[in-house]
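A quick write-up on the structure given underneath.
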Amino acid sequence: MKRGLVNLDLIKDKKLKETLIFLAKLVLLSIPLYIVIWFNISFAFAQDFLAYHIFHFLIFFNIQVSRDGFNLIFQNFSIIINKDCIGWKGILFFFALVLSTKSTWKKRFIGLFIGIPAVFSVNILRIVFMIWVGFNIPNTFSIFHDILWQGSMIFLVLLLWLIWWKATYLINQ
């Protein structure tokens with residue numbers, strides 16, 4: 001079977017062939033990430049949605065906060081819900097991983113239906129946790145934000161995908 005520039009019939013190892021196809025799909029499905037970055041596409045609607053709901057969540061728990069657009073303003077600090085705060089990279093990567101994996105469309109849809117809200121929900125918890133850090137241990141804010149949570153979100157996306165893949169693989173056996 002000839003696909004693109006590579007004659008896949010020359011590759012005799014089935015697992016190697018499947019891995020190459022998976023990686024090629026993953027690279028192609030990663031193109032939207034670079035398009036968003038290159039053209040600086042705005043997610044203002046999602047930023048506003050997230051800022052609005054986090055604001056009301058904090059008000060519900062009687063936390064003193066005011067909101068100015070994407071800014072959540074507290075007594076001693078403020079945070080901006082920027083484009084990267086909405087978790088779009090993790091969601092897009094999970095989407096690419098699931099669609100790149102050999103499976104039925106129904107199983108892929110189920111994976112996306114469960115996984116994308118899970119990534120989004122953990123991202124909201126991440127923001128709430130960062131607000132807690134801002135209140136309680138503000139001198140560690142950058143460490144938690146830039147190192148701990150970014151790595152944790154990557155780990156979460158890969159873990160969710162592996163769980164979905166394993167469940168899909170076991171169902172196929």
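Every read-out reported here was derived from the displayed coordinates using simple, explicitly stated rules and does not represent laboratory data. Predicted, not measured: the structure shown is a model, and the values here were computed from it. Cβ placement follows ideal geometry from the backbone for every residue including glycine, while neighbour counts extend to all protein chains displayed.
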### Message
Name the residue from Leu162, Ser66, Leu20 whose Cα lies farthest towards the positive end of the charge dipole of the chain, charges +1 on Cβ of Lys and Arg and -1 on Cβ of Asp and Glu.
### Response
Leu20
### the chain pair-distance distribution - Cα-Cα, 10 Å bins, rounded %
9, 30, 30, 18, 9, 4, 0
### Query
Anyone know which of Gly151, Gly111, Gly90 comes out most mobile in the 10 Å Cα GNM of the chain?
Gly151
### Cα pair distances of the stretch 42-83 binned at 10 Å [whole percent]
33, 55, 12, 0
### Task
Obtain the radius of gyration and the Kirkwood radius of the stretch 18-89 from its C-alpha atoms and give Rg over Rh.
1.20
### Residue-averaged 222 nm ellipticity for the chain, from DSSP H runs of 4+ at -39500 (n - 2.57), nearest 500
-21500 deg cm²/dmol
### Taking Asp48, Asp146 and counting other C-beta atoms within 10 Å, the order from fewest to most
Asp146, Asp48
### Message
Just to confirm the filter: which chymotrypsin sites (Phe, Trp or Tyr not before Pro) across the stretch 58-163 are DSSP coil and have at most 16 other Cβ within 10 angstrom of their Cβ?
### Response
Phe61, Phe74, Phe77
### Task
Find, among the trypsin sites (Lys or Arg not before Pro) in the stretch 54-102, those assigned to loop by DSSP (not H, G, I, E, B) with at most 16 other beta-carbon atoms within 10 angstrom.
Lys102
### Query
Can you work out D for the stretch 87-128 in µm² s⁻¹ from Stokes-Einstein, where Rh is the Kirkwood radius over C-alpha pairs, the temperature is 25 °C and the viscosity is 0.890 mPa s?
232 µm²/s
#### Entry: Contact order normalised by residue count of the chain, Cα under 8 Å, 6+ apart, percent
19 percent
